[in-house]
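One structure below.
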Amino acid sequence: MNQEEVDKILKKLEVDLKIKGFTKATIKTYLVHNQEFLKFVNKNPLQVTTEDVKTYQANLSDKNAKSATVILKLSAIKFLFNKVLKHKIINDDVEYPKSQKKIPDALTKEEVQKLFSTIKNFKHKLLMEFMYGSGLRVSECVNFRVRDLNLDNFTAKVISGKGNKQRMIILSKDFVSRLKSYLSTREEKSDWLFSSKLLDKPMTSRMAQKVIEKAATEAGFKKRVYCHILRSSFATHLLEGDVDIRYIQELLGHSDLSTTQRYTKVNMEQLRKIKSPLDNINQK
């Protein structure tokens, strides 16, 4: 199978993914994974079989690929063959590896405060506060548009993910006060709340990651600090404040409650209140 044929198939996949409303990041990932698979099997797509998929899985296993990576690759292949090409090669005979559900990392409230105190750039500080104060994914934060703010009600609308799903988020009153000041004084009048130097484009996720990495270094953190840890901290701190987990699920935009329940395992504030039974034993 030559590269021209591969490119045609990948272009068809890209079009279908866009029609379905997949994010740019997901589209890019699906294209890469399918290109790798097509290169591996090296045959006409309509001649690819379920056994080819299993052989590919075995090859990934030999390379010690993580379960989450294998699952993502299989999902990408399934979309191309089962949905786009109408050639069902991934069926019940293909077993997905069990995903390892990692407990999300989270910062303490004191650590969040320490992190923010090191950020001198007002715009960058607002960016971090928005992620933490509203529980946003970094992609949602950098792609947020001013028109979706409802400052009078301390809420906003987020449009993201597959199918452009919408959800309402909360805004901190202190954040809204600082945000109003930022919006009234900023020179650029971009549609994006956090625009790049090119006003017609939003700040990149990579730029946001650099901001938090720099802040963490200056704050003296030894552990890894990244954008998503602010979203995890948002969920964890709401749980510590006894907010109902179903409200947290709604604010985070999780379709499955089990995803939100992972944060119950990192509720360190509650764990610290538990007294060890050893403390109740009188020892000489």
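We did not get these values from a lab; they are worked out from the coordinates using the rules stated. Not measured: the values here are computed from a predicted model. Note that we place each Cβ from the backbone using ideal geometry, even for glycine, and neighbour counts take in every protein chain shown.
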*Excluding same-chain residues fewer than 8 positions from Lys86, which aspartates and glutamates have a Cα within less than 14 Å of its Cα?*
Asp16
*Proximal lysines relative to Lys83, as straight alpha-carbon distance under 18 Å, when same-chain residues fewer than 8 apart are discounted*: Lys8, Lys11, Lys12, Lys18, Lys20, Lys28, Lys73, Lys162
*Dipole of the chain, Cα-centred, from +1 at each Lys and Arg C-beta and -1 at each Asp and Glu C-beta, to the nearest 20 debye?*
340
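Once the Cβ-Cβ distance between Glu110 and Phe154 is put in as r, and R0 is 22 Å, what FRET efficiency do you end up with, to the nearest 0.05? Present the calculation step by step, with values, prior to reporting the outcome.
Details: r = 25 Å, r/R0 = 1.12.
Using R0 = 22 Å, I get an efficiency of 0.35.
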*Could you tell me which of Ala156, Val84, Leu257 has its Cα farthest along the dipole of the chain towards the positive end, charges placed at Cβ (Lys, Arg +1; Asp, Glu -1), taken about the Cα centre?*
Ala156
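Relative contact order, percent, of the chain when contacts are C-alpha pairs under 8 Å separated by at least 6 residues? Display every interim value, and only then the final one.
Working: 298 pairs, mean separation 50.9, N = 284.
So the answer I get is 18 percent.
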*Show which lysines lie in cross-link reach of Lys180 when reach means a straight Cα distance below 19 angstrom and same-chain residues fewer than eight apart are skipped.*
Lys120, Lys123, Lys125, Lys157, Lys189
*Rank Ile245, Thr26, Gln209 by how far each Cα sits towards the positive end of the charge dipole of the chain (+1 on Lys, Arg Cβ; -1 on Asp, Glu Cβ) and give me just the farthest.*
Gln209
*Consider the candidate values (1) -0.85, -1.26; (2) -1.03, -1.27; (3) -0.89, -1.42; state which one is log10 I(q)/I(0) by the Debye sum over Cα atoms at q = 0.13, 0.16 Å⁻¹ computed from the structure displayed.*
(2)
*What is the log10 of I(q)/I(0) for the range 106-213, computed with the Debye formula using one identical point scatterer on each Cα and no solvent, at q = 0.18, 0.20, 0.24 Å⁻¹?*
-0.93, -1.17, -1.66
